[in-house]
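Written below as structure tokens is the structure these notes are about.
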Amino acid sequence: MQYTEEEGTQGICPEGWHVPTDAEWHILERQLASPNESCEAQRPGIVGPIEWQCKPAAPKMAGNKSLWENNILTEHESFGSSGLNVLPAGYKQPNGDPEEDFYARGERSFLWSSTKISTSTTDRTPQEIKDSIDIKWGDVWGRHLLYKINTGVFRQDYSPQYSFSIRCIK
């Protein structure tokens, strides 16, 4: 599937479903957080400092304990409680060898949103966004679920050239 810049697009999803927007991902994160825990949408910075993550949502969003390589996430009492069942599929790099395994399989999950970054949602200039398209950072919001360095769900910008998992919603 080619990336499209239309927010909330159906894309690869079945009729009546769509790829979630950045705002829809944020609603889910906030619903999974405890009342005293923060999962704020306006998280500054380029590389994920602590304010970019939603710690309480990660174990709740994850699923299938046997696929995760570490017990930090899977041993959390709320593991899998949301029913979302996010799997640690990792991702494929652009221009990578099609025969290679996904990077970070078993450790992390990368999920697309359908929201393109605008200059109002990042501290980078349009030229910096354009220049970054061939490296890790890009111009589309995604979610990164991991357990190692800091367990959490991270909202980060990625190039649409990467192959990430897709969740479809109605």
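The values are calculated or read from the model by the stated rules, or taken from the named source; none is laboratory data. What you are looking at is a predicted structure, and each value in this text was computed from that prediction instead of being measured. Virtual Cβ from ideal backbone geometry, glycine too; neighbours counted across all protein chains shown.
Quick notes
- Filtered by the rule that a residue be in contact with a Lys or Arg (Cβ under 8 Å, 6 or more places away or on another chain), over 15 Å from Gln31 (Cα atoms) and of a type in the set (Ser, Thr, Tyr), region 54-80 gives a lone residue, Thr74.
Listed here are the residues, each with its yes/no results for (1) at pLDDT below 75; (2) within 22 Å of Ser163 (Cβ to Cβ); (3) in contact with a Phe, Trp or Tyr (Cβ under 7 Å, 6 or more places away or on another chain).
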site	(1), (2), (3)
His18	no, yes, no
Pro49	yes, no, no
Leu67	no, yes, no
Ser78	no, no, no
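- For Gln93, the conditions (1) closer than 28 Å to Gly16 by Cβ; (2) modelled with pLDDT of 80 or more are fulfilled apart from (1).
- Scan region 109-156 for residues that are modelled with pLDDT of 75 or more and small (Gly, Ala, Ser) and the total you get is 5.
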